[in-house]
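Take a look at the structure set out below.
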Amino acid sequence: MSMRLPSNLLTIICNNINDVPGWQRWFMKHIEGHRIHRANWLRAAVLGANDGIVSTASLIVGVAAANSTQSNIIMVGVAGLVAGAMSMAAGEYVSVSSQADAEQADLDKERRELAEQPEHEHAEMTSIYIERGLDEQLAAKVATQLMDHDALGAHARDELGIVEAFSARPLQAAVTSAGSFVLGAGLPLLVALWVPLSAVIWAVSFSALLFLALLGALGASAGGAPVLKAAIRVCFWGALAMLLTALVGHWFA
């Protein structure tokens, strides 16, 4: 026997949502395990680790191809690790700070407009909801209720597209990028330390590709994306980088 749900089920839920206990409303909101909240730190972590592996392995392969001593190879690798980590931290902090400044400027402008032209802002929100499929009467009601609850938050989310999951966090991006770069760069460095000089190029190259494949698979898994596609993508660009630097080192040798 099938049970037919009332056609106005959504209306019933919306009208009675305030009667639901707080912990149940929290459970209703968080029952779905989305991964989008990981986007900021995941992007910075994957980017930092990928750059650490590719740049350091490429440096080691290029210097080794120039017939350098093992001590010189390690010295170049360590210098690349330190310089790369600082570059990643500075670059992420500056770029994400610029994004944060732009977001704050838009929020300040929206705050002024809400104080000076509330009717215009309400009409603006209504038109946004109409474009999303609501009829005019319901759109106006939704705009009124959302603005009564948190006008600036509603405009930030629905007009400016600024949501908490994607809001700029400069310090988090800088620390995550630098830390993951150090971890990534340390892997080919350890390989170069352990293997004999004659095997450095091949050992570092193959181990770096393995690390990149694992990193791509891990990042894709954490973000819910196809694992194989991500692994192939990072391995291709890593192999290309190491090949080019090996050719440069061989040319100088």
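The values are calculated or read from the model by the stated rules, or taken from the named source; none is laboratory data. The structure displayed is predicted, hence computed values, not measured ones. Quick reminder, even Gly has a Cβ in these numbers, built from the backbone with ideal geometry, and neighbours come from all protein chains shown.
What's the number of the only condition in (1) exposed (fewer than 14 other Cβ atoms within 10 Å of the Cβ); (2) under 30 Å from ARG112 (Cα atoms); (3) free of Cβ contacts under 8 Å to residues at least 24 places away in the same chain that LEU171 fails to meet?
Condition (3) is where LEU171 drops out.
Confirm whether ARG35 is touching a Gly at 6+ places or on another chain (Cβ under 7 Å), farther than 30 Å from PHE206 by Cα and at pLDDT below 95.
So ARG35 passes the test.
Checking the conditions here, which among SER71, SER97 is at pLDDT 85 or above, of a type outside the set (Asp, Glu) and within 30 Å of MET242 (Cβ to Cβ)? Step through it out loud before you land on a result.
Values: SER97 fails: within 30 Å of MET242 (Cβ to Cβ).
On inspection, the qualifying residue turns out to be SER71.
Name the residues in segment 184-196 that are in contact with a helix residue (DSSP H, G or I) (Cβ under 6 Å, 6 or more places away or on another chain) and either under 28 Å from SER97 (Cα atoms) or surrounded by fewer than 17 Cβ atoms within 10 Å (Cβ to Cβ) (or both), would you? Break it down stepwise before answering.
At the first step, the residues of segment 184-196 found to be in contact with a helix residue (DSSP H, G or I) (Cβ under 6 Å, 6 or more places away or on another chain) are 184-185, 187-189, 191-192, 195.
Of everything in segment 184-196, those that are in contact with a helix residue (DSSP H, G or I) (Cβ under 6 Å, 6 or more places away or on another chain) and either under 28 Å from SER97 (Cα atoms) or surrounded by fewer than 17 Cβ atoms within 10 Å (Cβ to Cβ) (or both) turn out to be GLY184, ALA185, VAL195.
Looking at (1) under 24 Å from the mean Cα position of the chain (by Cα); (2) modelled with pLDDT of 85 or more; (3) more than 30 Å from LEU247 (Cβ to Cβ), which is the only condition LEU138 fails?
Among (1) under 24 Å from the mean Cα position of the chain (by Cα); (2) modelled with pLDDT of 85 or more; (3) more than 30 Å from LEU247 (Cβ to Cβ), LEU138 violates only (1).
Take the conditions of a type outside the set (Asp, Glu), in contact (Cβ under 8 Å) with a residue 40 or more places away in the chain and within 23 Å of VAL96 (Cβ to Cβ) and apply them to ALA241. Does it pass?
no
Determine which single condition ASP101 fails, assuming it passes every other condition in (1) closer than 30 Å to PRO196 by Cβ; (2) surrounded by fewer than 17 Cβ atoms within 10 Å (Cβ to Cβ).
ASP101 satisfies every listed condition except (1).
Taking the residues in segment 207-245 that are at pLDDT 85 or above and touching a Pro at 6+ places or on another chain (Cβ under 8 Å) as candidates, determine which candidate is surrounded by the fewest Cβ atoms within 10 Å (Cβ to Cβ).
SER207
Count, please, the residues in segment 135-146 that happen to be free of Cβ contacts under 8 Å to residues at least 12 places away in the same chain and not in a loop (DSSP other than H, G, I, E, B).
Final tally of qualifying residues: 5.
Residues that are modelled with pLDDT of 90 or more, over 30 Å from ALA231 (Cα atoms) and out of contact with any strand residue (DSSP E or B) (no Cβ under 8 Å at 6 or more places or on another chain): does segment 78-91 have at least one?
Looking for residues that are modelled with pLDDT of 90 or more, over 30 Å from ALA231 (Cα atoms) and out of contact with any strand residue (DSSP E or B) (no Cβ under 8 Å at 6 or more places or on another chain), one finds none in segment 78-91, hence no.
What is the residue count in segment 72-82 for residues that are among the small types (Gly, Ala, Ser) and under 16 Å from ALA199 (Cβ atoms)?
The first filter runs over segment 72-82 and keeps only residues among the small types (Gly, Ala, Ser), leaving 77, 79-80.
Within this subset, residues satisfying the condition of being under 16 Å from ALA199 (Cβ atoms) are 77.
So the answer is 1.
In segment 141-172, which residues are at pLDDT 80 or above, within 30 Å of GLY91 (Cα to Cα) and polar (S, T, N, Q)?
GLN172
Got a sec? Which of ARG132, ARG111 is in contact (Cβ under 8 Å) with a residue 24 or more places away in the chain, loosely packed, with under 15 Cβ neighbours inside 10 Å and more than 30 Å from LEU210 (Cβ to Cβ)?
Going through ARG132, ARG111 in turn, just one is in contact (Cβ under 8 Å) with a residue 24 or more places away in the chain, loosely packed, with under 15 Cβ neighbours inside 10 Å and more than 30 Å from LEU210 (Cβ to Cβ): ARG111.
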